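The values are calculated or read from the model by the stated rules, or taken from the named source; none is laboratory data. Just so it is clear, the model here is predicted, and its values are computed rather than measured. Here the Cβ positions follow ideal geometry from the backbone for every residue, glycine too, while neighbour counts run over all protein chains shown.
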Amino acid sequence: MLSIQNLHANIDDKQILKGINLEIKAGEVHAIMGPNGSGKSTLANVLAGREEYEVTEGSVTFMGKDLLDMEVDERSLAGLFLAFQYPVEIPGVSMSNFLKTIVNNRRTAKGLEELKAPEMLKLLREKIDLVDMDHGMLKRFLNEGFSGGEKKRNEMLQMALMEPKLAILDETDSGLDIDALRIVADAVNKLRSKDRSFLIVTHYQRLLNYIVPDFIHVLYNGRIVKSGTKDLAFELEERGYDWVKEEFGAASV
Amino acid sequence: MSAETQDRYIETKAQLSRLFQSVEASLNGESSHPFHAFRRQAMDKLQDLSFPTRRDEDWKYTSLNRLLVNEYGHQAAPKLEEGQLAPFVIGGEEVIQLVFVNGTWNKELSRLSAKPDFLVVMELKHALADPQYKTLIEAEWTQWALASDSALVAMNMAFAQSGLFVHIPANKVLENPIHCIHIHTKTDKPQLTSPQMFVVAGKSSQLTVVDSFVSLDADAVYFSNIVNRFVLEPNAVVYHYKLQNEALEAFQINHTEALVKRDGNFSSFVLDLGGRIVRNNISAFLGDSGTHTNLFGVYLGKGEQHIDSQTFIDHAFPHCTSNELYKGILTDRANGVFNGKVMVHKDAQKTNAYQQNSSLVLSERAQMDTKPQLEIFADDVRCSHGATIGQLDESSVFYLKSRGFNDEQARSMLQHAFLIEVLEHIHLDEVREKAEALVFAKFDS
């Protein structure tokens with residue numbers, strides 16, 4: 001599904017990613033952990049196509065296509081989803097108009113007719129229930145005045161509507177209380193399937209108590225320095241990131 | 001700006017003089033009508049007044065050259081079919097619809113079936129000959145219109161074709177709007193039209209007037225030189241909407257003034273989408289305490305459009321509030337101007353005045369000049385004003401694109417979102433929907 005080879009990326013001429021290699025197969029859940037500044041969010045944003053990041057070397061193949069050659073919206077329509085660490089607030093864009101456009105754009109791309117109003121409403125309500133939000137949210141403006149937890153649940157709602165092939169969660173768990181965290185994890189678990197993969201970027205092991213990944217990778221200084229199964233997360237939680245820095249810090253200089 | 005400019009305007013006056021004579025010659029007996037007496041007085045006055053130039057502080061950013069070099073005419077209005085009106089209609093039978101074709105009231109296409117008996121809607125010309133309204137109109141036209149030092153107001157008065165008089169008596173409420181559709185067509189010579197409206201809202205009455213300015217021919221060249229006068233008796237509520245979608249080579253000057261008496265509530269909303277050079281002069285004079293005034297504006301400039309809004313709110317009495325919000329988007333080589341003045345006199349204690357102008361400038365060669373002004377001479381007031389000029393937020397564009405919106409869709413949605421804050425102030429659903437549809441069509445053009 002996703003194949004990342006020797007990926008190097010800069011922001012403002014500063015090299016952040018220094019050769020990432022990663023293979024994600026259909027149905028797999030991968031977690032990427034690492035200390036702050038290791039390049040986790042950069043990886044998520046490069047995959048989604050944020051323009052501030054410049055890819056200097058390497059390649060990314062998604063569903064057999066060159067991902068780096070695709071526009072941001074093409075990536076989305078091809079089945080790549082990024083849950084933002086900091087979702088933007090857009091006053092003036094109603095949730096209902098936003099979500100309807102998401103659904104209809106995907107239908108149009110697949111050659112389907114736009115959804116009629118009653119069916120659309122039914123679909124939106126069903127997915128809003130999935131993330132335990134109030135139906136009244138449809139009348140609000142996009143993320144405007146949403147609490148931190150509401151914003152993250154709104155990201156999960158969009159993921160549920162978009163039914164991506166690969167969902168990247170960029171620190172979706174950071175700053176959430178346990179109730180919101182459970183809702184986020186539930187949404188992911190309900191959407192897990194043999195055709196859908198997840199790349200979960202997180203700083204904390206806690207999320208992985210609720211979403212059990214197939215593989216865990218430790219990112220440090222722009223490289224994946226260690227990969228393993230879920231037990232690696234417990235090791236990280238117990239020992240912290242210091243041993244990673246000690247073990248791999250010197251080598252990377 | 002110089003002598004050459006002055007000379008050019010002298011030639012303009014000479015041309016207008018000739019046009020006046022030819023109009024007068026075709027009047028057939030109407031020349032003794034009291035309405036024509038006003039025209040003549042205004043024409044005399046026009047000769048003594050100067051058209052504004054960019055040396056005048058209030059016209060610093062807007063030049064009338066392009067507009068005043070044309071030789072204008074008054075041509076007979078063409079016949080139109082009802083179907084040609086369809087794109088411009090708002091609502092159904094419940095709306096009083098008045099149609100003006102190239103400045104002339106078209107009775108066949110107008111629809112007064114929804115007009116309640118208490119409401120007076122008639123040509124100003126006829127109202128002036130009606131003993132019931134004669135004194136009122138004469139007084140207002142002498143003491144207000146002819147007293148104006150604006151050459152453009154005098155020009156409107158001199159060439160007014162029929163004018164519109166609206167009177168709603170005390171304690172009456174008109175819930176559905178009066179909708180005036182001003183239609184223009186392509187003419188041999190650029191057409192000069194001079195729409196004139198005088199609205200008197202009696203004590204505790206309420207009414208809404210919507211003015212649509214449209215063209216049947218995209219390449220029509222004409223000049224709509226508008227004068228609107230509103231008098232709000234105590235506790236009256238008046239909403240005025242201007243939905244301006246003139247042809248892109250047309251000109252519009254809109255002079256609108258309201259006198260708001262005790263506890264009156266006046267709302268003006270201008271939507272400017274069309275026109276080559278557009279200028280609004282909108283003033284509210286708060287003639288007693290307890291009044292509230294809203295001035296809202298939305299402008300969208302493309303190509304080489306020039307859209308200028310000049311507003312003035314005169315707080316002369318205590319306990320009045322005013323709220324002003326103008327927002328617009330400029331692209332290509334379009335120019336926008338906002339010059340909003342709020343004057344708070346010494347006696348206007350407890351005034352609460354808010355003013356904001358925000359613009360998005362989306363191309364290198366587009367330009368916005370904004371000048372919000374507060375002049376406060378009272379010491380116990382709450383006033384604030386501000387202006388911003390910016391671009392679309394690229395992180396918002398990225399967010400939408402990451403959800404599968406294409407670039408155009410994302411930008412169009414964000415531009416619309418930017419204007420929503422103003423558009424949602426339109427208090428009648430059918431008017432707001434019309435305004436939004438016009439805005440969307442402009443985005444897509």
query: Taking into account only those residues within the stretch A:191-230 that are aromatic (Phe, Trp, Tyr) and not in a loop (DSSP other than H, G, I, E, B), which is surrounded by the fewest Cβ atoms within 10 Å (Cβ to Cβ)?
result: A:Phe215
message: Testing B:Glu257 on (1) more than 24 Å from B:Asn352 (Cβ to Cβ); (2) in contact (Cβ under 8 Å) with a residue 60 or more places away in the chain, one condition comes back false. Which one is that?
response: (1)
field: Condition met for B:Gln415 (within 14 Å of chain A (Cβ to nearest Cβ), crowded, with 19+ Cβ neighbours inside 10 Å and modelled with pLDDT under 95)
entry: yes
- prompt: Can you tell me which residue in the stretch B:283-315 is modelled with the lowest pLDDT, limited to those that are touching a strand residue (DSSP E or B) at 6+ places or on another chain (Cβ under 6 Å) and in a loop (DSSP other than H, G, I, E, B)?
  reply: B:Gly287
field: Of residues in the stretch B:246-268 being surrounded by fewer than 24 Cβ atoms within 10 Å (Cβ to Cβ) and among the hydrophobic types (A, V, I, L, M, F, W, C), the one nearest to B:Asn65 (Cα to Cα)
entry: B:Leu248
query: Within the bounds of the stretch B:358-376, is there any residue that is within 14 Å of another protein chain (Cβ to nearest Cβ) and at pLDDT 95 or above?
result: yes
message: Test of understanding: among A:Ile24, A:Ile32, A:Ile90, A:Ile20, which residue is over 25 Å from A:Lys151 (Cβ atoms), among the aliphatic types (A, V, I, L, M) and in contact with a helix residue (DSSP H, G or I) (Cβ under 7 Å, 6 or more places away or on another chain)?
response: A:Ile20
- request: Being facing chain A (nearest Cβ under 7 Å) and of a type outside the set (Ser, Thr, Tyr) is the filter here, so list the residues in the stretch B:381-406 that pass it.
  value: B:Phe398, B:Lys401, B:Arg403, B:Gly404, B:Phe405, B:Asn406
- prompt: In the stretch B:123-139, what residues are crowded, with 18+ Cβ neighbours inside 10 Å and out of contact with any Ser or Thr (no Cβ under 7 Å at 6 or more places or on another chain)?
  reply: B:Ala127, B:Leu128, B:Tyr133, B:Ile137
task: For the stretch B:283-327, enumerate the residues that are under 14 Å from the mean Cα position of the chain (by Cα), without any contact (Cβ under 8 Å) to a residue 60 or more places away in the chain and surrounded by fewer than 24 Cβ atoms within 10 Å (Cβ to Cβ).
output: B:Ser283, B:Phe312
- request: Would you confirm whether any residue within the stretch A:84-98 is more than 9 Å from chain B (Cβ to nearest Cβ) and closer than 19 Å to B:Asn406 by Cα?
  value: yes
query: Out of (1) modelled with pLDDT of 95 or more; (2) facing another protein chain (nearest Cβ under 9 Å), what's the single condition that is false for B:Asp429?
result: (2)
task: Report the residue count in the stretch B:210-245 for those that are free of Cβ contacts under 8 Å to residues at least 60 places away in the same chain, aliphatic (A, V, I, L, M) and surrounded by fewer than 24 Cβ atoms within 10 Å (Cβ to Cβ).
output: 3
task: Quickly run through the stretch B:326-339 and pick out the residues that are in contact with a Leu (Cβ under 8 Å, 6 or more places away or on another chain) and part of a strand (DSSP E or B).
output: B:Tyr326, B:Lys327, B:Gly328, B:Ile329, B:Leu330, B:Gly336
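Quick one: which residue in B:Ser215, B:Ser205, B:Ser110 is under 30 Å from B:Thr53 (Cβ atoms) and at pLDDT 95 or above?
On inspection, the qualifying residue turns out to be B:Ser215.
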query: What single numbered condition from (1) without any contact (Cβ under 8 Å) to a residue 40 or more places away in the chain; (2) away from chain B (no Cβ under 13 Å) fails to hold for A:Thr101?
result: (2)
message: So, in the stretch A:67-83, exactly how many residues are more than 9 Å from every other protein chain (Cβ to nearest Cβ) and of a type in the set (S, T, N, Q)?
response: 0
task: Determine which single condition B:Leu243 fails, assuming it passes every other condition in (1) outside any loop (DSSP other than H, G, I, E, B); (2) under 23 Å from B:Tyr72 (Cα atoms).
output: (2)
query: Has the stretch A:47-66 got at least one residue that is within 19 Å of the chain's Cα centre (by Cα), facing chain B (nearest Cβ under 9 Å), part of a loop (DSSP other than H, G, I, E, B) and small (Gly, Ala, Ser)?
result: yes
field: Members of the stretch A:164-190 that are among the β-branched types (Val, Ile, Thr) and surrounded by fewer than 22 Cβ atoms within 10 Å (Cβ to Cβ)
entry: A:Ile178, A:Ile183
query: Got a sec? Which of B:Glu424, B:Glu436 is within 14 Å of chain A (Cβ to nearest Cβ) and closer than 30 Å to B:Asp314 by Cα?
result: B:Glu424
- line: Across (1) modelled with pLDDT under 95; (2) within 10 Å of chain B (Cβ to nearest Cβ), A:Ser147 clears everything bar (2)
message: surrounded by 17 or more Cβ atoms within 10 Å (Cβ to Cβ), at pLDDT 95 or above, of a type in the set (A, V, I, L, M, F, W, C) and within 20 Å of B:Ser194 (Cβ to Cβ): which single residue out of B:Val99, B:Val95 fits that description?
response: B:Val99
task: Report yes if some residue within the stretch B:31-51 is over 18 Å from B:Val153 (Cα atoms), modelled with pLDDT under 90, not hydrophobic (A, V, I, L, M, F, W, C) and not in a loop (DSSP other than H, G, I, E, B); otherwise report no.
output: yes
statement: Screening B:Leu146, B:Leu152, B:Leu128 for residues that are assigned by TED's automatic domain parsing to the domain that holds B:Phe223 and at pLDDT 95 or above leaves only B:Leu152
message: Residues that are among the small types (Gly, Ala, Ser), surrounded by fewer than 19 Cβ atoms within 10 Å (Cβ to Cβ) and within 19 Å of the chain's Cα centre (by Cα): list the helices (runs of 4 or more DSSP H) wholly contained in the stretch A:83-163 that include at least 1 such residues.
response: A:148-162
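Residues checked against (1) touching a Cys at 6+ places or on another chain (Cβ under 7 Å); (2) in contact (Cβ under 8 Å) with a residue 60 or more places away in the chain; (3) not aliphatic (A, V, I, L, M):
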| position | (1), (2), (3) |
| --- | --- |
| B:Cys383 | no, no, yes |
| B:Glu394 | no, no, yes |
| B:Val397 | no, no, no |
| B:Phe418 | no, yes, yes |
| B:Glu424 | no, no, yes |
| B:Ala435 | no, yes, no |
| B:Leu438 | no, yes, no |
message: Looking at the stretch B:12-39 only, could you name the residues that are of a type in the set (D, E, K, R) and in contact (Cβ under 8 Å) with a residue 60 or more places away in the chain?
response: B:Arg39
task: Among the residues of the stretch B:129-167, write down those that are farther than 21 Å from B:Val209 by Cα, assigned to a helix (DSSP H, G or I) and over 20 Å from the mean Cα position of the chain (by Cα).
output: B:Pro131, B:Gln132, B:Lys134, B:Thr135, B:Glu138, B:Ala139, B:Thr142, B:Gln143
